[in-house]
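Engineer: If you scroll down you'll find the structure; I have some questions about it.
The values are calculated or read from the model by the stated rules, or taken from the named source; none is laboratory data. As the structure is a prediction and not an experimental result, all values here were calculated from the model. Cβ: placed from backbone, ideal geometry, glycine included. Neighbour counts: every protein chain shown.
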Amino acid sequence: MDVGVFVVDGVADFGLAAVREVLNTANSLRAELECPPRPWHVRTVAIGDSALTGSGCIVPATPVTELEGHFDLLLVPAVNVVAADALVELVSSPKHRAALELIAAEAGNGMYLAAACTATFFLAESGVLDGGTATTSWWLGPAFRRRYPGVELRIDQTLCRSGRVTTAGAVLSHLDLALSLVNARSPALADLVARYMLIGNRVSQLNFLLPEVIARGDPLVVAFDRWVRDHLADSFRISAAARDLGVTERTLQRATAAELGMAPRDFVNAIRLEQAAGLLRDTTLTVDAVAARVGYLNGATLRGLVRRQGMAIADLRSARPAWR
């Protein structure tokens, strides 16, 4: 597979390195298989002959004007911008018009496209995601929905495939994105690469998101977030929340749907799960005691919520990371 890694000034060092390292490792481990896939030929390309990374390193690149033929896939790593407003300003600036035109043109030529983290905004801004589904970094979900209403955003997914386009979530999902390319050619090789690189399972971004962060864009949702935390141990009633916030139930439902892509009760459950995970990890409280503290009648309800996220209580109990 011929892969073009398209970089712009400000490209995130980790994202670029992660993509290249996974594919380089796959090429190195091909000999371990009886029937190895063909190698990946990876070239870094840019509008000019180089790009400056977010940490100030110069990345040599092949100018797109000098390319002969087409890639099988064009992959765009993240740019080193965290704030949503600054990211929208970046991707929509005249400086990057040529990059957007290139992405749109290659999509029109039938090329496969991929992007991770903040770079998903380049694909969305170019229009190639319209009418399809996509994911992005979990904290950028509200801004993405507002700017690109023609895209069905699946913020719960780490990887999202829609036609010839694959998008990935937050920073470490560059690894998952690159592994998906390897897996498409050889599942056995993808498993081998993941083991060599100690890449874990990040099927869903929901296990990582911070509800209070994604709620920041709308004053009503911010107030609702604060209300939920103040009434965490109480049984949730949307009528009580709406009354205390001075709005109708319908207004509250519309606000959470527009800003968060979820119903009020789902947002409450996200907050409760976040709090419960911390208590299970950092205390010796029983499951029933933890459930009571976060507003559930018994531990069975909490266990059911955890199972719906693809986990078990034991996973949360033992979730202390190696670096902590």
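Engineer: Filter the stretch 57-75 down to the residues that are closer than 22 Å to Thr166 by Cβ and either among the aromatic types (Phe, Trp, Tyr) or touching a helix residue (DSSP H, G or I) at 6+ places or on another chain (Cβ under 9 Å) (or both) and list them by number.
Structural biologist: Val64, His70, Phe71, Leu73, Leu74, Leu75
Engineer: Which is in contact with a Leu (Cβ under 7 Å, 6 or more places away or on another chain), in the same structural domain as Leu297 (by TED's automatic domain parsing) and within 24 Å of Arg293 (Cα to Cα), of Ala242, Ala233, Ala255?
Structural biologist: Ala242
Engineer: Another question, then. Counting only residues that are among the aliphatic types (A, V, I, L, M), over 25 Å from the mean Cα position of the chain (by Cα) and under 26 Å from Gly141 (Cβ atoms), which one in the stretch 281-309 is surrounded by the fewest Cβ atoms within 10 Å (Cβ to Cβ)?
Structural biologist: Val294
Engineer: How many residues does the stretch 45-68 hold that are at negative phi, assigned to a loop (DSSP other than H, G, I, E, B) and without any contact (Cβ under 8 Å) to a residue 12 or more places away in the chain?
Structural biologist: So the count comes out to 1.
Engineer: Residues Arg146, Arg202: which one is modelled with pLDDT under 95, assigned to a helix (DSSP H, G or I) and in contact with an Asp or Glu (Cβ under 9 Å, 6 or more places away or on another chain)?
Structural biologist: Going through Arg146, Arg202 in turn, just one is modelled with pLDDT under 95, assigned to a helix (DSSP H, G or I) and in contact with an Asp or Glu (Cβ under 9 Å, 6 or more places away or on another chain): Arg146.
Engineer: Taking the stretch 61-87 only, how many residues are β-branched (Val, Ile, Thr), crowded, with 18+ Cβ neighbours inside 10 Å and within 19 Å of Thr118 (Cβ to Cβ)?
Structural biologist: Final tally of qualifying residues: 3.
Engineer: When residues of the stretch 96-129 are filtered for being in contact (Cβ under 8 Å) with a residue 12 or more places away in the chain and over 20 Å from Cys160 (Cβ atoms), how many remain?
Structural biologist: Adding up the residues that qualify gives 7.
Engineer: Can you find, within the stretch 205-247, the residue that is farthest from Cys160 (Cα to Cα) among those that are basic (Lys, Arg) and modelled with pLDDT of 90 or more?
Structural biologist: Arg243
Engineer: So, in the stretch 3-44, of the ones that are free of Cβ contacts under 8 Å to residues at least 60 places away in the same chain, of a type in the set (Gly, Ala, Ser) and closer than 14 Å to Leu192 by Cβ, which residue ends up surrounded by the most Cβ atoms within 10 Å (Cβ to Cβ)?
Structural biologist: Among residues in the stretch 3-44 that are free of Cβ contacts under 8 Å to residues at least 60 places away in the same chain, of a type in the set (Gly, Ala, Ser) and closer than 14 Å to Leu192 by Cβ, the one surrounded by the most Cβ atoms within 10 Å (Cβ to Cβ) is Ser28.
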